[in-house]
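Read-outs throughout are calculated quantities, based only on the coordinates presented, and are distinct from any laboratory measurement. Fair warning: this is a prediction, and the values are worked out from it, not measured in the lab. Heads up, the Cβs are rebuilt from the backbone with ideal geometry, glycines too, and the neighbour counts pull from every protein chain shown.
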Amino acid sequence: MIKDTKIGVKGMEVWKKSPLFHGMTEQKIEEILMQEQCRRKKYEKGTFVFLEGDVPKSLFLLIQGKVTISQSTMSGRRILLTDITRSGDLFGEVYLFIGKEAYDMDAQAVEDSEVLEIAGEIPRVLWQNMLEIFAKKAYLMNQKVKVLGCASIREKIVRYLFERKNTDGTIRGNLVREEMAEYMNVTRPSLSRELGSMQKEGILEIQGRDIRIADWEKFEMYL
């Protein structure tokens, strides 16, 4: 079920934190949000924000909840592209700028979610921030391509962890195996087996959802 309402200006803290409105005054943000093309929509868990094949007409900003962006392979397998989890983050915006006639991915609310939709032509005042958002997303996509381009599961794990490590060699709170497996396009059992092997070999230390790189020399052999 989808509930569609006029956006209003409620939730200014969300708008101010969003990169879309970076550097803008509250007055300017209010002027944009009060335009007719801005709508607040609520999506129940399991509802699609858009489907592969739909015609792109809007950009979307997460207010609260979680939206998963995924794509189908020829065999029918689902590949996780990204999760939209932070209030203020955008999704679907690139299609308005590259002239694609249809989405080639799905956006699904995986929990009850609320989304800001800006339909039609994007207000010119947002263009500079949009360019910065595109640049950041291009960088993150490049990091994912590096992971997916690795020949083995171990190399994918090492590349994934290397990009997320702290200066002390720890990766805290990031070991959600289902999400890691989807990101790397491998099965969860295969990922778990390889993580277990790396722990037995002394390369990694795993405690709950935290990881520490225990042997840098062995770890870097797979970069």
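Would you mind counting up the charge near G208? Only other residues with Cβ under 13 Å from its Cβ, with Lys and Arg at +1 and Asp and Glu at -1. Result for the neighbourhood of G208: +2.
Mean separation of Cα pairs under 8 Å and 6 or more residues apart, divided by the residue count, gives the chain a relative contact order of 19 percent.
Given 0.36 nm per residue, what is the gain on full extension from W127 to N166 after removing their alpha carbon distance, in nm? Can you show the working numbers first?
Working: separation 39, 0.36 × 39 = 14.04 nm, distance 3.30 nm.
Residue separation times 0.36 nm, minus the Cα-Cα distance, leaves 10.7 nm.
What shape does region 148-220 have by the C-alpha gyration tensor, where a ≥ b ≥ c are the square roots of the eigenvalues, rounded means a/c under 1.5, and otherwise prolate means a/b greater than b/c and oblate the rest? Rounded. The charge dipole of the chain, taken about the Cα centre with unit charges on the Cβ atoms of Lys, Arg (+1) and Asp, Glu (-1), comes to about 260 debye, rounded to the nearest 20. Between T170, T25, T73, the Gaussian network model of the chain with springs among Cα atoms under 10 angstrom shows the greatest mean-square fluctuation at T73. In terms of distances greater than 26 angstrom between alpha carbons, the cross-link table entries K42/K156; K137/K218; K16/K41; K57/K137; K28/K57; K57/K156 yield K42/K156; K137/K218; K57/K156. Once the Cα-Cα distance is subtracted from the 0.36 nm per residue extended length, the E26 to A119 segment shows a gain of 31.4 nm. Potential lengthening of the chain between F97 and L140 amounts to 13.6 nm, from the contour at 0.36 nm per residue minus the alpha-carbon distance.
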